[in-house]
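Report on one structure; see the data block that follows.
The values are calculated or read from the model by the stated rules, or taken from the named source; none is laboratory data. None of these values were measured; they are calculated from a predicted model. All Cβ positions, glycine included, derive from the backbone under ideal geometry; neighbour counts span all protein chains shown.
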Amino acid sequence: MDDVQGVRPVSPVPADRGSVSADRVGPVGEHPASPEDMGRVERAGPIRSPKVAVDVPEAPGGAGDAQVSTGDADLISDRYVDPVRPSRSVTAVRRLAGLLTVVPVLRLAVARYAVPPGVADRVGCDGCGVAVGLDRPLPALGPTARCPDCAGRVGAAPFLVEALLVVAVAVLALVDGPVAERVALAWWLGCAIPLVLVDLAVHRLPDRLTWPAAVGTWALLGVAVAAGAGAGAWLRAVTAGVALGLAFATTTLLLGRRGFGLGDAKLALGVGALLGWQGWGAVVTGLVLTFLLSALVGVVLLASRRVGWSSHLPFGPFLVAGTCATLLLTG
Ligand SMILES: [Zn+2]
């Protein structure tokens, strides 16, 4: 068939497909937005599914478009496969695999630093002394947390890190915000998981985790400013972080062991930044939720005689939980 007048040679059209007028050829590289558009692309090329290509005779006023029935359009839509974009299941598997690579790093942090104050960081199995590291992550740093030699437990309880990672991913998915802000939150959550587990195990928040949590969060929120967020939000975040950190540190100086630990003060630097980024209301809400949660758990533990009046509860997990709850409510 000869080309009719007005045909634009954008893409090669097989001779047996008929020709198409220039106004029917969509922008090159754009995906069809509607079944009607998809019908046009099928006729205009590039041809993705020769079996369902419809050869519509040219009619005045573009009547040919109307001849594509809804059924044809659905057929085309069902068979349309984007050759570039991976399917949802492939994307989900890739994300899951990406998450699993984080597990050994988090487990190593817990195993290293969950030691009493003044004791050297743990570098191997407590039972047999075999070295534990990222060069040989399984099974010691895997979900089962078992020493490869003596089968003793290494670090955090089996599947506990993985469960917290799922919670962290859920928080990240549910909190709205620009990408740069969510990267900052992801970093902080990544530090918070081992911090919570170490604090629960040995009642301490090591500098090796609290400082990276705070500095990384501040820096990444600074990147969010460069990406378009207001500088005022970053100043408020830093001010809130410093204010919370100083407030917690002051209780240590004034009350000693009855106050908060300096580890809590360093953790508060990052907590204050994340909450302050959202606004001063979020800072207040975060503190209220944190203290309510700790009071509630304290009462329950006292009532169940799990702890006594003189017991000292680790505060880091409450600070992390209160922060996440506030971000879910206000973020
Ligand atoms: Zn061992």
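Would you mind finding the one in Pro116, Pro148 that is out of contact with any Lys or Arg (no Cβ under 7 Å at 6 or more places or on another chain), part of a loop (DSSP other than H, G, I, E, B) and near the ligand (Cβ under 9 Å from one of its atoms)?
Going through Pro116, Pro148 in turn, just one is out of contact with any Lys or Arg (no Cβ under 7 Å at 6 or more places or on another chain), part of a loop (DSSP other than H, G, I, E, B) and near the ligand (Cβ under 9 Å from one of its atoms): Pro148.
Can you tell me which of Gly281, Gly322, Gly316 is in contact with an Asp or Glu (Cβ under 8 Å, 6 or more places away or on another chain) and modelled with pLDDT of 95 or more?
Going through Gly281, Gly322, Gly316 in turn, just one is in contact with an Asp or Glu (Cβ under 8 Å, 6 or more places away or on another chain) and modelled with pLDDT of 95 or more: Gly316.
Mind telling me which of the residues Leu160, Leu106, Leu165 ends up being touching a helix residue (DSSP H, G or I) at 6+ places or on another chain (Cβ under 6 Å) and either closer than 23 Å to His203 by Cα or within 11 Å of the ligand (Cβ to nearest atom) (or both)?
Going through Leu160, Leu106, Leu165 in turn, the sole match is Leu106.
When only residues in region 301-331 that are of a type in the set (Gly, Ala, Ser) and closer than 20 Å to Leu174 by Cα count, which is farthest from the chain's Cα centre (by Cα)?
Among them, the one singled out is Gly322.
Which residues, counting only those in region 113-128, are touching a residue at least 40 places away in the same chain (Cβ under 8 Å) and surrounded by 14 or more Cβ atoms within 10 Å (Cβ to Cβ)?
Tyr113, Ala114, Val115
Residue check, Ser304 against (1) among the hydroxyl-bearing types (Ser, Thr, Tyr); (2) within 18 Å of Gly261 (Cα to Cα); (3) loosely packed, with under 15 Cβ neighbours inside 10 Å, all met but one. Which one?
So the condition that Ser304 fails would be (2).
For region 119-131, enumerate the residues that are out of contact with any Lys or Arg (no Cβ under 6 Å at 6 or more places or on another chain) and more than 8 Å from the ligand (Cβ to nearest atom).
Residues satisfying the conditions are Val119, Ala120, Val123, Ala131.
Is it the case, given these coordinates, that Leu289 is modelled with pLDDT of 95 or more, hydrophobic (A, V, I, L, M, F, W, C) and under 23 Å from the mean Cα position of the chain (by Cα)?
yes
Somewhere in region 174-188, is a residue surrounded by fewer than 17 Cβ atoms within 10 Å (Cβ to Cβ) and either assigned by TED's automatic domain parsing to the domain that holds Leu100 or in contact (Cβ under 8 Å) with a residue 60 or more places away in the chain (or both)?
yes
So which residues in region 124-149 are over 29 Å from the mean Cα position of the chain (by Cα) and either aliphatic (A, V, I, L, M) or more than 16 Å from Ala111 (Cα to Cα) (or both)?
Val130, Ala131, Asp149
Taking Val171 as the residue in question, decide whether it is on the phi < 0 side of the Ramachandran plot, crowded, with 18+ Cβ neighbours inside 10 Å, more than 16 Å from the ligand (Cβ to nearest atom) and under 26 Å from the mean Cα position of the chain (by Cα).
Answer is yes for this residue.
Please specify each residue of region 129-145 satisfying the condition of being in a loop (DSSP other than H, G, I, E, B), on the phi < 0 side of the Ramachandran plot and loosely packed, with under 14 Cβ neighbours inside 10 Å.
Leu134, Asp135, Arg136, Leu138, Thr144
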